[in-house]
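Working notes, structure below.
Where a number appears in this text, it was derived from the coordinates with a stated rule and is not lab data. These numbers come from a predicted model, not from an experiment. Virtual Cβ from ideal backbone geometry, glycine too; neighbours counted across all protein chains shown.
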Amino acid sequence: MKYPEIIQNLINQFAKLPSIGPKSAERLVFHLLYRPQGELHDFSQAIDHLKENIKQCHICFNLSENNPCYICTNQKRDKNIICVVTKPQDVAIIEKTGSFEGVYHILGGNINPLENITPQKIKIKELLERIKYNNIKEIILALNPNMEGETTSLYLTKLIKQIPNIKITRLARGLPMGADLEYADEITLENALKERKEI
Ligand SMILES: [Zn+2]
């Protein structure tokens, strides 16, 4: 072992995080070693409380401090337009554009046979039920412009088209192919949303 156990232990914890390799983990831990104790306390408290007060909205599956979430309970939002996204971070980035007034549906993943993510494992059944029992006018598919996102969009389109009187749209092209919605800049995303195309 290169370092005292306490240090090594924290390095191992950081190294479990996505896109943090052992080198970065080391750098982070040594950075923390030179921060004031109070700051470290706040940091560990924030991690400690992370999941305690976060709930999943039973309507849209977004993460929020309340269930239903602040978007589903907002009277000003148009409940007849649902924007379908992969994960909660996608909601945050679309909200940042400030140009969407409908509500969301978070699938919690994309269909990916290689990783054994079947349609049953994401919130598709729940979406179809939402459409069926509410007066939904438009479904915007805002999934990642990559293979899995495309597969999921096609799958959803086929199912939703069987429901009468519903418009299905998708974000306009312009988003970098193969990328994650998370990395799109606000202007590109705002335009992709405004110029969405009916399918
Ligand atoms: Zn919600």
Worksheet item: If you go through segment 34-55 one residue at a time, how many are among the basic types (K, R) and within 15 Å of the ligand (Cβ to nearest atom)?
Response: 1
Item to complete: Residue by residue through segment 113-151, note down the ones that are surrounded by 15 or more Cβ atoms within 10 Å (Cβ to Cβ) and hydroxyl-bearing (S, T, Y).
Response: T151
Discussion item. Can you pull out every residue in segment 92-105 that is more than 9 Å from the ligand (Cβ to nearest atom) and under 18 Å from E182 (Cα atoms)?
Written reply: A92, I93, I94, E95, K96, T97, G98, S99, F100
Worksheet entry | Hits in segment 56-83 (condition: near the ligand (Cβ under 10 Å from one of its atoms) and charged (D, E, K, R)) | R77
Worksheet item: Which residues, taken from segment 36-60, are in a loop (DSSP other than H, G, I, E, B) and surrounded by 11 or more Cβ atoms within 10 Å (Cβ to Cβ)?
Response: I54, C57, H58, I59, C60
Response to the item:
Flagged pairs (Cβ under 8 angstrom, 6 or more apart or on separate chains; first in segment 87-104, closer than 18 Å to K76 by Cβ; second within 14 Å of the ligand (Cβ to nearest atom) and in a helix (DSSP H, G or I)) are F100/I94; Y104/V91; Y104/I94
Discussion item. I'd like the full set of residues that are over 30 Å from V29 (Cβ atoms) and among the hydroxyl-bearing types (S, T, Y), limited to segment 40-77.
Written reply: S64, Y70, T73
Fill in: Pairs where the first residue, in segment 44-72, is touching a residue at least 24 places away in the same chain (Cβ under 8 Å) and at negative phi and the second is assigned to a loop (DSSP other than H, G, I, E, B) and more than 9 Å from the ligand (Cβ to nearest atom), C-beta under 7 Å, 6+ apart
L63/I54; I71/R77
